[in-house]
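S.K.: The structure follows.
The values are calculated or read from the model by the stated rules, or taken from the named source; none is laboratory data. Just so we're clear, the structure is a prediction, and the values are computed from it rather than from any experiment. Virtual Cβ from ideal backbone geometry, glycine too; neighbours counted across all protein chains shown. Areas reflect the complete protein model, heavy atoms only, side chains present, ligands, DNA and RNA absent. Shrake-Rupley method; radii C 1.70, N 1.55, O 1.52, S 1.80 Å.
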Amino acid sequence: MKIHGKHYRSVWPIGESAFGIIDQSKLPFEFVTLELKSAQDAARVIKVMITRGAPLIGAVAAYGLALAIRHDPSDENLTATHDMLAETRPTAINLRWALNRVCESVRNHPRADRAALAWKEAQAIADEDAAMCEAIGRNGLAIIRDLHRKNGGKVNILTHCNAGWLATVDWGTALAPIYMAHDEGIPLHVWVDETRPRNQGASLTAFELGAHGVNHTIIADNAGGHYMQDGKVDMCIVGTDRVTTNGDVANKIGTYLKALAAKDNNVPFYVALPSSTIDWTLKSGRDIPIEERSSDELLKMTGRTPSGTILTVEIAAPGSPGANPGFDVTPARLITGFITERGTCEATEQGLRSLFPAA
Ligand code: MRU
C-alpha cells in the first residue's frame, strides 16, 4: 500500500534487532511509524491496539518472539515469552498460530542457531501473509466481477471493522478484492460501518479506501440493515479473527447483526480469511474465547478539534457502567461463502476441508 507515494507494509524488519510498525492509534489524523526492539514492546502495542487485526498481530508477535530469542535462546525464555505474547489478545487465533510456528522453527536446534532461525521464520510468516492476502484478493475479485456482470452497474459493498492492509501485512482480507476490482475499473462503492466502540471503520478502513481512491461512505453501525432493505447493498465482505471447523466465524462485535440483516434481505454475505485464521481444534463458535475490553473504550471518544488538538472526551451518563465485548460469533448458516487463498468454499467443515484437505 502506498502512503504519500511510498510503499508500506504494516510490519517490516529493521536490520535483525528491531522491526517497524504503523502507529494505528494516530490514524486517520497522523501517519506515524514506530521502531520496536523487544518482545515487551510487541506485547504492549498489541494489547493497547496500536497494532491490530488478526493476521498483523500474528506477524508482530512473531517478530517480538524472535527478538526475545536473540536476547536469550533458552527453552525457558522461549516458553515464557510465547505465553506472555499469547495472552495479549485472546480471540484472534493467528496470534497463537504465528507464535507456535516460531517456537517449532527453533525447538530442536542448538541455542547458537536459534536467533537466526526465529528471525527467518518471522519474515516467512509476514511474507506468506502478504501472498495469502493477494490470493484472497484475486479469488474475491471473481465474485465482484460476476456481480458487476449481472448488475451491469456499480457494485455496492458493505464492510465492517477494518480488514484491509492495516489489519494484515499487506493487501488485507476483505478489502483485497475491493482494491483489485477498483484497479480493474469496476465501478464500486463501499459502505463503511463506523464500528463502534473503537471506530476501526471510520478511522482505518475509510483512511485506506480514501488513500487508494475507492469511492466510499461511512455509516453508523445501525444503518446497514436500512440500506439493505433499500436495495443499496449488493454484497457484504468482512474479515475474521477465528473460524471454527463447522464454519462459524468470530469477528468484530456487530458482524453478527449485519449477517442477520443480510440473510433477511437476500444479500450475499462473504467472509475473507487466510488459512492461518482457521482453528482446526475447535468444533463450533461457542468455544471461541471472546475478548472483553475496558468499558472506557465505549464511554469515551477520541477525536480532533477544529484547532487540530486530539482530545478524549466522556460521552455517557457519568457513573453508568458499560460492557465491551470485542467480538461476536456469526453462525455458519448466515454465511454465503468463504474467500481464502486457495479459492472460495461453503461455510461448512466439508467446504473448508475441500480446500485444505491436509489440515
Ligand atoms: O480488534 P481488532 O481491531 O484487532 O479487530 C479486527 C477485526 O475484527 C478484523 O475484522 C479482523 O481481524 C479481520 S482480519 C483482516
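S.K.: So what does Tyr227 come to for accessible area, using a 1.4 Å probe and Å² rounded to 10?
M.R.: 50
S.K.: Efficiency by 1/(1 + (r/R0)^6): what FRET value for Asp127 and Thr79, r their Cβ-Cβ distance, R0 = 35 Å, to the nearest 0.05?
M.R.: Numbers: r = 26 Å, r/R0 = 0.75.
Using R0 = 35 Å, I get an efficiency of 0.85.
S.K.: At 222 nm, what value in deg cm²/dmol follows for the chain if DSSP H runs of at least 4 each add -39500 (n - 2.57) and the sum is divided by all its residues, to the nearest 500? Walk me through the numbers before you get to the answer.
M.R.: Values: 11 runs with 137 residues, N = 359.
Helix contribution divided over all residues of the chain: -12000 deg cm²/dmol.
S.K.: Any idea what Rg and Dmax come out to for the chain if you just take the C-alpha atoms, in Å?
M.R.: 19.9, 63
S.K.: Additional query: Sequence-distant or interchain residues sharing an amide H contact under 5 Å with Lys37, placed H: which?
M.R.: Correct list: empty.
S.K.: Sticking with this structure for a sec: Would you work out if region 2-129 is rounded, prolate or oblate? Take a ≥ b ≥ c from the square roots of the eigenvalues of the alpha-carbon gyration tensor; rounded if a/c is under 1.5, else prolate when a/b is larger than b/c, oblate otherwise.
M.R.: Details: a/c = 1.99, a/b = 1.60, b/c = 1.24.
Prolate, since a/c reaches 1.5 and a/b exceeds b/c.
S.K.: What order do Lys263, Lys26, Lys283 take when sorted by accessible area (1.4 Å probe), most exposed first?
M.R.: Values: Lys263 115, Lys26 80, Lys283 155 Å².
Correct descending sequence by accessible area is Lys283, Lys263, Lys26.
S.K.: Here's something else I'd like to know. Can you give the extra length, in nm with one decimal, that the chain gains between Ala211 and Asn266 once fully stretched, where that is 0.36 nm per residue apart less the Cα-Cα distance? If you can, show how the numbers build up before the last one.
M.R.: Values: separation 55, 0.36 × 55 = 19.80 nm, distance 3.14 nm.
Roughly 16.7 nm would be gained on extension.
S.K.: If the limit is 18 Å between Cα atoms, which of Lys2/Lys154; Lys47/Lys120; Lys232/Lys263; Lys154/Lys232; Lys154/Lys263 go over it?
M.R.: Working: Lys2/Lys154 25 Å; Lys47/Lys120 25 Å; Lys232/Lys263 15 Å; Lys154/Lys232 10 Å; Lys154/Lys263 21 Å.
Violating the 18 Å Cα-Cα cut-off are Lys2/Lys154; Lys47/Lys120; Lys154/Lys263.
S.K.: Among 45-55, 234-244, 186-196, how do they line up from the highest to the lowest mean number of other beta-carbon atoms within 10 Å?
M.R.: Listed from highest to lowest mean packing, they are 234-244, 45-55, 186-196.
S.K.: If I stretch the segment between Ala316 and Val48 completely, what's the gain in nm (0.36 nm per residue apart, minus their alpha carbon distance), one decimal?
M.R.: On the way: separation 268, 0.36 × 268 = 96.48 nm, distance 2.18 nm.
Length gained between Ala316 and Val48: 94.3 nm.
S.K.: Could you do me a favour and compute the accessible area per residue for region 136-355, 1.4 Å probe, result in Å²? Write out the running numbers ahead of the final one.
M.R.: On the way: 9030 Å² over 220 residues.
With the other protein chains kept in place, region 136-355 gives 41 Å² per residue.
S.K.: How large a share of the accessible area of the chain, in percent, is made up of carbon and sulfur atoms when the probe is 1.4 Å and the other protein chains stay in place? Don't skip to the end; give the middle numbers.
M.R.: Numbers: 7560 of 14970 Å².
The value for the chain is 51 percent carbon and sulfur by accessible area.
S.K.: Still on this structure, please answer the following. Show me the helices of the chain, taken as full DSSP H stretches, that run 20 Å or more along their long axis by Cα and average -0.5 or above in Kyte-Doolittle hydropathy. Write down the numbers at each step before the final one.
M.R.: On the way: long enough: 54-71 (26 Å, 1.33); 93-106 (21 Å, 0.26); 111-151 (60 Å, -0.40).
In the chain, the long hydrophobic H runs are 54-71, 93-106, 111-151.
S.K.: Sticking with this one: What does the C-alpha gyration tensor say about the overall shape of region 265-359? Classify as rounded when a/c is under 1.5, otherwise prolate if a/b is larger than b/c, or oblate.
M.R.: prolate
S.K.: Can you bin region 159-259 into rounded, prolate or oblate? Criterion: square roots of the alpha carbon gyration tensor eigenvalues sorted a ≥ b ≥ c, rounded for a/c under 1.5, prolate for a/b above b/c, oblate for the rest.
M.R.: Numbers: a/c = 1.39, a/b = 1.12, b/c = 1.24.
Rounded, since a/c falls under 1.5.
S.K.: Relative to the present Cα-Cα distance, how much length would full extension add between Ser307 and Ser38 at 0.36 nm per residue of separation? Could you put the intermediate results ahead of the total?
M.R.: Numbers: separation 269, 0.36 × 269 = 96.84 nm, distance 3.63 nm.
Gain on stretching Ser307 to Ser38: 93.2 nm.
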